[in-house]
Amino acid sequence: MSTLHLNPFLSSAIKAAAAGRINNLFEQFLETYINIPLGIRSDASTSQKHIREFLQEESSRVSTFPRILERNDSDFISGSFGRHTKIWPLDDIDILFPLDGYDLWYWRNGVVTPNTVVSDGGIMFNPLLGSRWATGGTISSDLLVSNFCQVLKRGYPRSDVSINGEAVTVQLALGASAESDGVSFDVVPCFRLNPYNGTPSFYLIPDGHNGWKHTNPRLDEAACASLNEFHGRIYRKVVKLVKWWNAYKLNGAFGSYYIELSIANYFAMMRSSGQRITVLSEGVAYAFGALRRARIEGDIPSPVSDAPAVQLGVLTAAQDQKLTDAYANSATAVAHENSGRVEQAISAWKSIFGADFAE
């Protein structure tokens, strides 16, 4: 009996050609609809630099204003803009300002915690212990945010400056570009704490209710960069594609950080098992699967000790079905691509991202 076999070299070539075409379509979709234009990103970077310089000058000039760390930490961009996973249109950018914690202790539930509140040293008295910032010897997060708001209103008298929970929001125009109506910057005063036991540092930020909560944006940023490098620089693209789908096809049902964490956890698991995801289309399919599994499991534990879980939110039955369909259709698209059926793969991706994909 004779049999006919497909040339394995030809099969590999067909698969590679299909993957290349689909990848190009994803790149085009990212560039057209999802990525932040370079000019806008540059204008935003300039504006946030001005805010940082203004508060640093205030810290140096006014003796009653808290010192911002310069040697043992410094102010920094956090959130998805800092991780390069922000999607267009640009809405808000988070800036954290670690304050000097000289002579401060972190009490929790009436007990001093085993942490050092980071300080640059070199001062005899911490202005945060004054009545402008503290009540009864305890730093008030509400007073901290309120006073930062007043200072920023003075510095930006023509801008909308207001308190937004844990942050002070400063609304600024971005250059003369017609591509943007402006962007809001969320200014967050905070403290960096180093645990005595050598575990990773964390930050205390206001919780919007005169209390504090744990976070560590630097940890998120490092994890994001590491995953992106290991997985052939597709991780950030995958995150942005799923975020866009959530915003425009699911009405923003999932929180942005929830999406990131669900995908990050899966890609980290793949890395731990030695598996690299380097094809963008496959990465998107894996991401939809990761988000679907996270949705079933509910809130995601924070990677930071004692930080609140990242909440799932509420999805309708219709939104649940859209997520299930996106996962199924992405798997179908990858199967078509792997078999060289490019047009069928494109059709499956269009069912997820809409008619603008591949146009």
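Just a few scattered comments:
- Checking each residue in region 42-97 for being of a type outside the set (S, T, N, Q) and free of Cβ contacts under 8 Å to residues at least 12 places away in the same chain picks out Lys49, His50, Glu53, Glu57, Arg61, Val62.
- Of the residues making up region 345-359, those that are open to solvent by less than 50 Å² (accessible area, probe 1.4 Å) and either at positive phi or assigned to a helix (DSSP H, G or I) (or both) are Ala345, Ile346, Ala348, Trp349, Ile352, Phe353, Gly354, Ala358.
- Among the strands (runs of 3 or more DSSP E) confined to region 1-118, the ones with at least 3 residues that are touching a Ser or Thr at 6+ places or on another chain (Cβ under 8 Å) and not charged (D, E, K, R) are located at 92-98.
Per-residue answers, yes or no, for (1) touching a Pro at 6+ places or on another chain (Cβ under 8 Å); (2) surrounded by fewer than 20 Cβ atoms within 10 Å (Cβ to Cβ):
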residue	(1), (2)
Lys153	no, yes
Glu166	yes, no
Phe185	no, no
Tyr203	yes, no
Pro217	no, no
Gly232	no, yes
Val242	no, no
Trp245	no, no
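- Sole residue being of a type outside the set (Asp, Glu) and touching a residue at least 12 places away in the same chain (Cβ under 8 Å), chosen from Arg154, Arg192: Arg192
- The set of residues in region 68-93 being of a type in the set (D, E, K, R) and surrounded by fewer than 21 Cβ atoms within 10 Å (Cβ to Cβ) consists of Glu70, Arg71, Asp91, Asp92.
- Scoring Ala307 on the criteria (1) touching a residue at least 12 places away in the same chain (Cβ under 8 Å); (2) over 30 Å from Tyr196 (Cα atoms); (3) hydrophobic (A, V, I, L, M, F, W, C) leaves a single failure, condition (2).
- Considering residues of region 291-301 that are assigned to a helix (DSSP H, G or I) and not hydrophobic (A, V, I, L, M, F, W, C) only, the residue least open to solvent (accessible area, probe 1.4 Å): Arg295
- Subset of region 258-281 [touching a residue at least 60 places away in the same chain (Cβ under 8 Å) and touching a Ser or Thr at 6+ places or on another chain (Cβ under 9 Å)]: Glu260, Ser281
- Of all positions in region 269-282, none carries a residue that is open to solvent by 70 Å² or more (accessible area, probe 1.4 Å), more than 21 Å from Gln321 (Cα to Cα) and touching an Asp or Glu at 6+ places or on another chain (Cβ under 6 Å).
- Put simply, of Ser159, Ser131, Ser146, Ser119 the only residue that is among the small types (Gly, Ala, Ser) and touching a residue at least 40 places away in the same chain (Cβ under 8 Å) is Ser119.
Listed here are the residues, each with its yes/no results for (1) closer than 26 Å to Ala225 by Cα; (2) open to solvent by 50 Å² or more (accessible area, probe 1.4 Å).
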residue: Val284; (1), (2): yes, no
residue: Phe288; (1), (2): yes, no
residue: Asp306; (1), (2): yes, yes
residue: Tyr327; (1), (2): yes, yes
residue: Glu343; (1), (2): no, yes
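- Filter result for Val314 (surrounded by 13 or more Cβ atoms within 10 Å (Cβ to Cβ) and among the aliphatic types (A, V, I, L, M)): no
- Scanning region 250-264 for residues that are over 14 Å from Gln311 (Cβ atoms) and buried (at least 16 other Cβ atoms within 10 Å of the Cβ) turns up Leu250, Ile263, Ala264.
The values are calculated or read from the model by the stated rules, or taken from the named source; none is laboratory data. Remember, predicted model here, so these are calculated numbers, not experimental data. Cβ atoms come from the backbone with ideal geometry, glycine included; neighbour counts cover every protein chain shown. The accessibility values were calculated without ligands, DNA or RNA, using every heavy atom of the protein model including side chains. Shrake-Rupley method; radii C 1.70, N 1.55, O 1.52, S 1.80 Å.
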